Amino acid sequence: MTDFAALLQPDRGQDAHRIHAVTAQGFEEWVKRQPERARTAIDAARFKAKEGSLVILPADKPSGWSAAVGVPDSMGPWSLAAAAAKLPEGSYRLTEGEPGAAALGWLLAQHRFDRYRHEPEPIPQRILLTGEAARVEETIRLADAVALVRDLVDTPAADMGPAELQAEAEAVAKSCGAKISVTKGDVLTKSFPMIAAVGRAATNARAPRLIELEWGDPSHPRLAIVGKGVCFDSGGLDIKPASGMLLMKKDMGGAAHALALGRLVMQARLRLRLHLLIPAVENAVSAEAFRPGDILRSRAGISVEIGNTDAEGRLILADALARAAEDKPELILDFATLTGAARVALGPDLPALFANDEVLAADLLAAADRADDPLWRLPLWKPYLDMLKSEAADINNAGNGGFAGAVTAALFLEKFVPAGTAWAHLDTFAWMPSAKPGRPKGGEALGLRAAWEMVRARFG
């Protein structure tokens, strides 16, 4: 894990190189104020303050050089990320103002997933100084949370099965003083039949389980966070093509988000009773696999006909949601890499938000704007429940006709949330298909910061 605490430090007047944050709009006026030597360097580099561009400015002393960085008109989390990846090793401070939200991108630009590198490439340490000392610890915690999601998602399924996901949850619980319990085997089959059914084709070493973590004062408002933990998804008997399996190590991305959000709640010591639930399975193929046409009895008592074994995430989430609801939480949040339909509709950057409560939806969207972590609300359009009708059971797990796949998946989940319980579902991609400043190709936290901002605002 990257030591972010070494990369963001309170400014106590230490020696540091200066960073000029320059916008394209203010570029001409800024250039006029620079000494001739600096203007020569700017011209030679053809620096025009394009976002993410960088130029080193010489000074009278060789060690006194500074840097100019192109930034947007309004500084956001990723405004300094490109600079953090390009600057030489050393300490830096902005010439005007404080980094604010941009400190997060500065840190995450220096995070690497190098677990499998024989000789990891050394990463120069670029240290950012800030006068906002009170924000340092919070920014580091948030960077650690994003890095946790990235690392868990990037780890291949061979090393991130249900047992390894349990170990990660146990490590978080130990570090935060939380209680953890795990349901497996015959007890799982009786108590959480859909989790057991989805995971029963896997080997004993990768047996399905429900991981539950509890923390906080029982008298405080109860928050349940649920994360889809499909550690690898072959599609089951409705098997995916080879191309469809290439990224399926990331199908536990919802669990990674839930674990990271739960850790943020505990580290901040919010006045909450936290209940974190991760149904962890591998959707494998064997003679034990559940089949199309099977009818499963859920924990909630609702019978589910299997229209497609590749719509397994909603099955394990349904049992976990039913368990979460039993303790009457004030709020349930779930994260899941649930549907390709959400990606077709919104692309990789925008998690689809579904909510059964208008105030909760508004709070999440406002928090997403504040955190610069966008969400896009889609409707729980009740007429589409007709697509989930079953002639033999209470509901089918896969909508017929191929339309509105993200909506029908969310409607399926809503059946397992009691009326009157506020609930939000984030259908997230958990992956960057191409690199951007501060965000390498690979696992990514999408919707995490928005959810954390909402939770902190409500319960902080």
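Tabulated data for the structure shown
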| item | result |
| --- | --- |
| Residue pairs meeting the criteria (Cβ under 8 Å; at least 6 apart or on separate chains; first in the same structural domain as GLU214 (by TED's automatic domain parsing), in the range 268-279; second polar (S, T, N, Q)) | ARG273/SER219 |
| Hey, ALA410 at pLDDT 95 or above, of a type outside the set (Ser, Thr, Tyr), assigned by TED's automatic domain parsing to the domain that holds PHE335 and touching a Ser or Thr at 6+ places or on another chain (Cβ under 9 Å) or not | yes |
| Flag if LEU223 is surrounded by fewer than 24 Cβ atoms within 10 Å (Cβ to Cβ), of a type outside the set (Ser, Thr, Tyr) and either part of a helix (DSSP H, G or I) or touching a residue at least 40 places away in the same chain (Cβ under 8 Å) (or both) | no |
| Single residue of the range 403-460 satisfying the filter (of a type in the set (S, T, N, Q) and surrounded by 24 or more Cβ atoms within 10 Å (Cβ to Cβ)) that is nearest to ALA109 (Cα to Cα) | THR428 |
| Which numbered condition VAL136 misses (of (1) touching a strand residue (DSSP E or B) at 6+ places or on another chain (Cβ under 6 Å); (2) free of Cβ contacts under 8 Å to residues at least 60 places away in the same chain; (3) surrounded by 14 or more Cβ atoms within 10 Å (Cβ to Cβ); (4) under 23 Å from MET266 (Cα atoms)) | (2) |
| Test: residue in the range 79-97 that is exposed (fewer than 14 other Cβ atoms within 10 Å of the Cβ), modelled with pLDDT of 95 or more and either assigned to a strand (DSSP E or B) or in contact with a helix residue (DSSP H, G or I) (Cβ under 8 Å, 6 or more places away or on another chain) (or both) | no |
| Some residue of the range 283-306 being in contact with a His (Cβ under 9 Å, 6 or more places away or on another chain) and within 22 Å of LEU188 (Cα to Cα) | no |
| Of all residues in the range 167-202 being outside any helix (DSSP H, G or I) and free of Cβ contacts under 8 Å to residues at least 60 places away in the same chain, the one that is nearest to PHE290 (Cα to Cα) | LYS184 |
| Residues being of a type in the set (Gly, Ala, Ser) and either modelled with pLDDT under 95 or more than 20 Å from the chain's Cα centre (by Cα) (or both) - total across the range 238-296 | 8 |
| Wholly within the range 281-367, strands (runs of 3 or more DSSP E) carrying at least 3 residues that are among the basic types (Lys, Arg) and touching a residue at least 12 places away in the same chain (Cβ under 8 Å) | none |
| Conditions (1) surrounded by 19 or more Cβ atoms within 10 Å (Cβ to Cβ); (2) touching a Gly at 6+ places or on another chain (Cβ under 9 Å): number failed by CYS176 | (1) |
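The values are calculated or read from the model by the stated rules, or taken from the named source; none is laboratory data. These numbers were taken from a predicted model, which means no experiment stands behind them. Cβ sites come from the backbone with ideal geometry, for glycine too, and all protein chains shown count toward neighbours.
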